[in-house]
Every structure is written in structure tokens, then in C-alpha cells.
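Visitor: If you scroll down you'll find the structure; I have some questions about it.
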Amino acid sequence: MKTARPGGNSGNLLTVLALAVAFWFAAGPANAETYTLRVDGLACPFCSYGIEKQLRKLAGVNEVITNIKNGTIQVKTDTGNKLSKVELEAAVKRSGFTLRSVN
Amino acid sequence: MFVVSRAVMAGICFFGMTLVVLGAPQTSNTALPVAEGEYVFRQQVFYKEAGNDPGPGNREVDVLGSLSVLGYGITGDLSVFGVLPLLDKKLAVTLPGGARVKRGTSGIGDGRLFARYTVFKDNAPGRTFRIAPFAGIKLPTGKSRQADSLGLLPATLQLGSGSWDPFAGLIVTYQTLDYQFDLQASYKLNTKSNGLEFGDEARLDGSLQYRIWPRDLGNFVPGFLYGVLEGNLLNQAKSKAGGVEIASSGGRQLFAAPGLQYVTRRWIAEAIVQIPVFQDLNGAALEDNYTVRAGMRFNF
């Protein structure tokens, strides 16, 4: 006859959850993507916000960070939606600027 | 009195309603874009004084006003703008009997609608070069038949001209991370209303903005503090009343305008003073003393 250990099942559950959280933090959100855009024509803060607004409208984008000195914009997604170069190029064009490259 | 007054007032009011659009210059336009589907808004207040009356009336004029400008990006290259002024105009004049009287009016002035299209752009890392023509119309939204106890106010003291006046121009902008240069040439075809036709207006505006702070841009997008120097060359033909040219109307003016501008991603704060450098006005038209402008722009 087996005797159930007090808290045995909940202890296992906590272990699994802890491992899952640790893995999530180590690997980042599932399918998260970071794109680094080089944008031509970007030369003032007011205009940079116009580009950022267009990029934020793209599905899955949760963060847009501009480095005006280098003319680069980092776009991060967290929903698993990948962004194509065509999408990014169109968004930059809608703001009146030119996409040079995407990494 | 009526004809003489409105004739001399023309000299102090033409170009008073400077075409102000969202962008970098404070007394003219820029070719920088408004993103597709996005709005930008600008609110500018100004105060202008004119005087140096060569006649016995010792006329003095001051105008306190504001310009509200809303811009919308139809595409990255095509934008439309609406401008609505609020004005408070005052004239002090000594009558032939020796009495000093004040006349004036306040309310909505003549609005403007126009579109701007970028026909050429050369974008490169850290700089952009653009050419953008624009065209629009001045609307007769301001009252043009206001009167006081002395009778009908002079035409240029009215809030509006009563006429529909088309205008067009071309803007060239070159912007780098360190500085920006804008040049605008424009022409406004004034039409007749209430028996009066203001002279057509031609103007050439230049603006140079130089980033004076921060010197190092860092890794993100800091606010830029620009030192600004602008120039405005204005020319207006003589006005006509009943088909006859008004002697004391029209002429040429050149203004220099130093200023400051602080630009962030979401808003801009700015101020500038327009000082006359050269004024060659016809007849007894009043000369501008100065115009002070201050404002904010917002990126929604």
C-alpha cells in the first residue's frame, strides 16, 4: 500500500513550471524576431517618429528602437509573425523614406 | 478716408498670413514628409507691429494672431494641409480733428487649403534632398465687411479679403543630421472682392537650421536644439480699387529672422523674431517694425 507524500504532486508541478520559466527566459518568447533596418534619408527626430509609427502598425511588432546616428531601426516581434523585406520596405516607404537593407 | 485708409493699410498687412506648414522652417514650408495615414498639428502664435507713418495720422498697427495647421499624409509623398488663423487687429490713428482713435476687429481670418507632392527625393544615409511643389487656395472664411462707429473698416484691417485666391510654389529641402536648408518660392494670385483686388504676392523664403545641441547623438534619438536663421523676400503688386491702382499699396520687403527650435520625436517647440532689413513700400504704406512668432508642433 502506497502512502501519498504530502505535497508530492504540487512539488513536481512547481518544478516543471520553474523549468518552463527558466527555459522561456533563456530562449526568449517563442519565435521572436529582431530585424535591423538601415534607413536612408533619416536625419531628424520628428521624421523618425513617422517611420516608427508605420513599423508599429505591422502585425506582431512590439518594439521599435531608432538609432538616428547610424540610421538604423531595430524592430522586434513577439507573436511569431515573421516580417518580410517587402512589408518592411513598404512601411518605410509609406513614411517617405527609403529602406537600404534588413538584417 | 475709405480709399486712403485701405490703401495705406495694404502695406502693413500683405503677407501677414504667412503660409505656415508643418516642418522645420518657422516662416515658410519644408519638403519633409508626413507619413501615410498620419496627422501632424502645428499651433503658432504671433505678434506683429507696424508704424513709421509718413503722414499726419501717426498710424500704428498691431496684430495678435494664431495659426492652427493640420497636415495629413495621403501617401509618403502626397500631403494635404489646412490652415486656420485667429486674428486680433488694431489700428490707432489720429483724425484730422486731432482726436486719437482706435479701430479694430477680431475673429477667424482667411483659411487655406493646399496639397504638396514630392516630385523628387534623394535619400542617403543621414541625409535627404527633396523637391516638392505645392498648390492651394485661400478661402474667404474671415469677415470682410466689418464696420465700427466710424464706418467700414479699412480692407486690410478686415479679418479676410472676401476673395478666393489660388497660390502655388516650390520647396527644396536638404537635411542632414547636422543642419537643414529649405528654400521656397511661391506666388499668390489675389482676386477681386468687394470692389477691391489686392496685388498679387510673390515671395522667396530661405531657412537654415544648425544643430547646436547635442554634439554627440548617442545611441537612440535625442532631442535636437537648432539655431535658426531665416530670410523672407516679399513682393506685392499694387492693389486696385474699382479697377484703379492704389498708390499707397504694394512694394518690397526683406526680413531676417533669427530663432531657436527644439525638436523631439513627438513635438517641436520654437520661437523666432522677424526683423525688417529692407522695406521699399509704395506711397504712405506703413512699415513693419517686427514680428515675433512662437509655437509648437505635434506628431500624433
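Readers should treat all values here as calculations from the given coordinates under stated rules, not as data from a laboratory. Predicted model, so just to flag it, every value in this text is computed and none were measured. A quick note on method: Cβ atoms are made from the backbone with ideal geometry, for glycine too, and the neighbour counts reach across all protein chains shown.
Visitor: Once each part is reduced to its C-alpha centroid, what is the distance from the stretch B:221-300 to the stretch B:66-121 in angstrom?
Guide: Centre-to-centre (Cα) distance: 12 Å.
Visitor: Taking every residue in B:52-64, how many Cβ atoms of other protein chains lie within 10 Å of its Cβ, on average? Walk me through the numbers before you get to the answer.
Guide: On the way: counts 0, 0, 0, 0, 0, 0, 0, 0, 0, 0, 0, 0, 0.
Mean partner shielding for this stretch: 0.
Visitor: Suppose every K and R has +1 on its Cβ and every D and E has -1 on its Cβ; what is the size of the dipole of the stretch A:33-102 about the Cα centre, in Debye to the nearest 20? Let's see the in-between values first.
Guide: Details: 11 positive and 7 negative charges, 28 e Å.
Computed charge dipole of the stretch A:33-102: roughly 140 debye.
Visitor: Any idea what angle helix B:2-13 forms with the longest principal axis of chain B, computed on alpha-carbon atoms, 0 to 90 degrees, nearest 10?
Guide: 20
Visitor: Further, regarding this structure: Using the crude model of +1 on Lys and Arg Cβ and -1 on Asp and Glu Cβ, and no other charge, please compute the dipole size for the protein assembly as shown relative to its Cα centre, in debye to 20. Could you put the intermediate results ahead of the total?
Guide: Numbers: 42 positive and 32 negative charges, 194 e Å.
That gives the protein assembly as shown a dipole magnitude of about 940 debye.
Visitor: Suppose R0 equals 30 Å. What FRET efficiency, 1/(1 + (r/R0)^6) with r the Cβ-Cβ distance, do A:Asn62 and B:Ile74 give to the nearest 0.05?
Guide: Values: r = 28 Å, r/R0 = 0.94.
Using R0 = 30 Å, I get an efficiency of 0.60.
Visitor: Hey, what number do you get for the protein assembly as shown at 222 nm if only DSSP H runs of n ≥ 4 count, each worth -39500 (n - 2.57), divided across all residues, to the nearest 500?
Guide: So the calculated ellipticity at 222 nm is -4500 deg cm²/dmol.
Visitor: Could I ask something else about it? Choose one of B:Pro96, B:Gly142, A:Ser95: the residue whose Cα lies farthest towards the positive end of the charge dipole of the protein assembly as shown (beta-carbon charges +1 Lys, Arg; -1 Asp, Glu; about the Cα centre).
Guide: The residue sitting farthest along the positive end of the dipole is A:Ser95.
Visitor: State, to one decimal in nm, how far the label point of A:Thr79 lies from the label point of A:Thr34, with both points 7 Å from Cα in the Cβ direction.
Guide: Reported label-point gap for A:Thr79 and A:Thr34 is 2.1 nm.
Visitor: If you don't mind, another one. Evaluate the distance, in nm, between pseudo-label points positioned 7 Å from the Cα of B:Leu204 and of A:Lys69 along their respective Cα→Cβ axes.
Guide: Once both label points are built, they end up 4.0 nm from each other.
Visitor: Using 1/(1 + (r/R0)^6) with R0 = 25 angstrom and r between the beta carbons of B:Leu254 and B:Leu189, what's the FRET efficiency to the nearest 0.05? Present the calculation step by step, with values, prior to reporting the outcome.
Guide: On the way: r = 22 Å, r/R0 = 0.89.
Given R0 = 25 Å and the Cβ-Cβ separation, E is 0.65.
Visitor: If the cut-off is 20 Å between C-alpha atoms, which lysines fall inside it for A:Lys85, apart from same-chain ones fewer than 8 positions away?
Guide: A:Lys53, A:Lys57, A:Lys76, A:Lys93
Visitor: Within a Cβ distance under 12 Å of A:Gly50, other residues only, what is the Lys/Arg minus Asp/Glu net charge? Working shown, then result.
Guide: Details: positive: A:Lys53, A:Arg56, A:Lys57, A:Lys93, A:Arg94, B:Arg265, B:Arg266; negative: A:Glu52, B:Glu36, B:Glu38.
So the environment of A:Gly50 carries a net charge of +4.
Visitor: Continuing with this model, one more query. Round to a whole angstrom and tell me the spacing of the C-alpha centers of the stretch A:52-91 and the stretch B:140-171.
Guide: Using only Cα atoms, the two centres lie 48 Å from each other.
Visitor: Still on this model: Starting from the Cα of B:Lys102, move 7 Å in the Cα-to-Cβ direction to define the label point; list residues of the stretch B:143-157 whose amide nitrogen is under 13 Å from there.
Guide: none
Visitor: Provide the gained length on full extension for the span B:Ala168 to B:Tyr117, in nm with one decimal, where the gain is 0.36 nm per separating residue minus the Cα-Cα distance. Walk me through the numbers before you get to the answer.
Guide: Details: separation 51, 0.36 × 51 = 18.36 nm, distance 1.17 nm.
Difference between extended and current length: 17.2 nm.
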